[in-house]
Structures are given as C-alpha cells and as structure tokens.
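Scroll down for the structure; my scribbles are underneath it.
The values are calculated or read from the model by the stated rules, or taken from the named source; none is laboratory data. Everything numeric in this text was worked out from a predicted model, so none of it was measured. In this analysis, Cβ positions are derived from the backbone assuming ideal geometry, glycine residues included, and neighbour counts consider all displayed protein chains.
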Amino acid sequence: MFNPYLPYPVRIAEIITETEDKNLKTFKFVFLNPEDEEKFSYTPGQFAELSIAGKGEIPIGIASSPTEKGFILFTINKVGLVTNHLHAMKVGDIMGIRGPLGNWYPWELMEGKNVVIIGGGFAFTTLRSSIVYMLHPDNRLKFKEIHVIYGARSPGMLLYREELAAWERRDDIHMHITVDATKDPGWKYNVGFVPTITEKKAPQGDENTYGIICGPPIMIKFTQPVLDKLGYSHDHIIMSLENRMKCGIGMCGRCNIGKEFVCKDGPVFTLSQLSAMPKEY
C-alpha cells in the first residue's frame, strides 16, 4: 500500500554554491531505486518534502524540469535546522524526498499564449523549472512569446548565472535581468527593482498573455499594481504561495487559508482565486 509519509531514498550527486554569500546551494539528487524515479512524476510548479533522519523535513519547490532525466534539483536557502544540516552534507550522502506535492502551473491553459515570468530572489527556483520546460524542443512551439523578468539584490545574488547567460543568447526568449543596485562597472543588464523593470519591459496584458509571479511578498505587493496597469486580468495572473506548510498533503491544517490548503489545493493560485480568500496570506 502506498504511504504518502514515506520518502524515497536519494543520494546527493552534486552540490553547487549559487550565491556569493554561500547561503544558497543547488543540490542534485539521484534516486537510489529507478522505480522510485518513475513514481516521482512531477510538473513545473510542484514542490516536495526533503527529509533528513533525526532532523525533520522541509517543503521546497522543485527547481528541475521533468524534461531533465536522471536527477532532480532543489535550490535551498540556509535558514533553519534542516537546511543548515543539509548545507553541511556532502556528495554521496543519503537522505529522503517525499512527493511530488501540490498543484502546478496551468500549462494546458497557457498553450498558444504569451507567458511572462516574473521572479525575485531565491523564489526563482520553480521558475527555472518552468523556463527549462518551456524551452525544451518538445514544448517550445506550444507557447508564443516568453518574457522573463528576474531580479536580485546584487549580481552575486543571482541564481543560475550560467543558464541566465545561455538563455539571453537565445532568440526565442526575452530575458530582462535586473539587480537592485551594483557598483560593478561590467554590469550590462538592468538596474532597478523588479516592479519597475516589469513596467518597462513586460508586454501589455490581453486574453493571450499569462503572467507567472514568484518572489518575496514585498515584490509581489508592488508588482501586482503594475500588471493591473498593463491590463492583465486577474485570472491570467498566477502566483505561488508559501504559507506555513508542514505535512504537504492537507492533513495537519497548518497551511489553510479559509477552506483552502496551500499544500494540497495550491501552492499555485490565480489572483482571482486569492482575491476570494480571507486575507491571511
């Protein structure tokens, strides 16, 4: 019988330090059992619980795309007991992954549409999954124009810098990278907060354009009015929430907003859906 609380055993295959403060690392995991990898069938936007025996587990968005085979990626911020222990682990160490959990971005609805991805800070992880998914040769023709607006505090705090540069060289995606401030004379991209760059670079909203937003609450707060100004309808603005998630399957009641459970009914909601919920998020 399937046990939703039982994690799949995985091995750390690679660890990449992403940011200059060394607080954000990307972990590449491989499943110990090939059949577990087949069972772990996910879609961009979902998350999983990373578990370490004797320490606990944490919900983390999946950073890899299902088009990337043989491994799964998570980019993890060092902020608590479990993440501190994980950051001290080494290549070859064994731990657990439980999932995939939650819903995902509405890819079927976005087919044939323009997609604008707006991200800030380390919340860019599930957005990386989405970009890799959309750019895959099997999927790219399903979508029209793709715009990505991504910002961090400084150049050294940007995630996936080699991939960002590779995406910018492509002619089938529009990259708008920005930092809050920099003294780097070699910086060739935008300088300014994400909402400001969104107003300058994002296309006008219409029935053929969807916006996906994932970032810190302050960024989302000031980006939403910009999208309103650009004409995006609230059912075409898609957000991913984090709200005290614990069990990941809607049993513990830690993450409910009214009758909705962020871990089970979300974490992906449209702005229209969020507007109908109690203002607890």
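So is residue 182 touching a strand residue (DSSP E or B) at 6+ places or on another chain (Cβ under 8 Å) and crowded, with 19+ Cβ neighbours inside 10 Å or not? Criteria not met by residue 182.
Within the stretch 154-174, the presence of a residue that is part of a strand (DSSP E or B), among the aliphatic types (A, V, I, L, M) and outside the structural domain of residue 18 (by TED's automatic domain parsing) is excluded. Restricting the stretch 1-38 to residues that are among the aliphatic types (A, V, I, L, M) and over 22 Å from the mean Cα position of the chain (by Cα) leaves a set whose member that is surrounded by the fewest Cβ atoms within 10 Å (Cβ to Cβ) is 1. When the stretch 129-175 is limited to residues that are within 23 Å of residue 21 (Cα to Cα) and of a type in the set (D, E, K, R), the one that is surrounded by the most Cβ atoms within 10 Å (Cβ to Cβ) turns out to be 153. If you go through the stretch 93-100 one residue at a time, do you hit one that is among the β-branched types (Val, Ile, Thr) and assigned to a strand (DSSP E or B)? Yes: the stretch 93-100 contains one or more residues that are among the β-branched types (Val, Ile, Thr) and assigned to a strand (DSSP E or B). Here is a check on your reading of the model: is residue 125 polar (S, T, N, Q), within 28 Å of residue 143 (Cα to Cα), modelled with pLDDT under 95 and buried (at least 19 other Cβ atoms within 10 Å of the Cβ)? Criteria met by residue 125.
Has the stretch 215-231 got at least one residue that is touching a Leu at 6+ places or on another chain (Cβ under 9 Å), at pLDDT 95 or above, charged (D, E, K, R) and surrounded by fewer than 14 Cβ atoms within 10 Å (Cβ to Cβ)? Checking the stretch 215-231: not a single residue is touching a Leu at 6+ places or on another chain (Cβ under 9 Å), at pLDDT 95 or above, charged (D, E, K, R) and surrounded by fewer than 14 Cβ atoms within 10 Å (Cβ to Cβ).
Among the conditions (1) surrounded by fewer than 21 Cβ atoms within 10 Å (Cβ to Cβ); (2) among the β-branched types (Val, Ile, Thr); (3) in contact with a Phe, Trp or Tyr (Cβ under 8 Å, 6 or more places away or on another chain), residue 91 misses just one, which is (3). Note on the stretch 101-138: residues that are of a type in the set (Phe, Trp, Tyr) and within 14 Å of residue 64 (Cβ to Cβ) total 3. Only one of the listed residues (22, 28) is in a loop (DSSP other than H, G, I, E, B) and farther than 16 Å from residue 98 by Cβ. That residue is 22. The sole residue among 39, 69, 55 that is out of contact with any Asp or Glu (no Cβ under 6 Å at 6 or more places or on another chain), within 15 Å of residue 94 (Cβ to Cβ) and outside the structural domain of residue 127 (by TED's automatic domain parsing) is 55. Would you call residue 203 under 26 Å from residue 218 (Cβ atoms), over 21 Å from the mean Cα position of the chain (by Cα) and surrounded by 13 or more Cβ atoms within 10 Å (Cβ to Cβ)? Taking the combined requirement at face value, the residue satisfies it.
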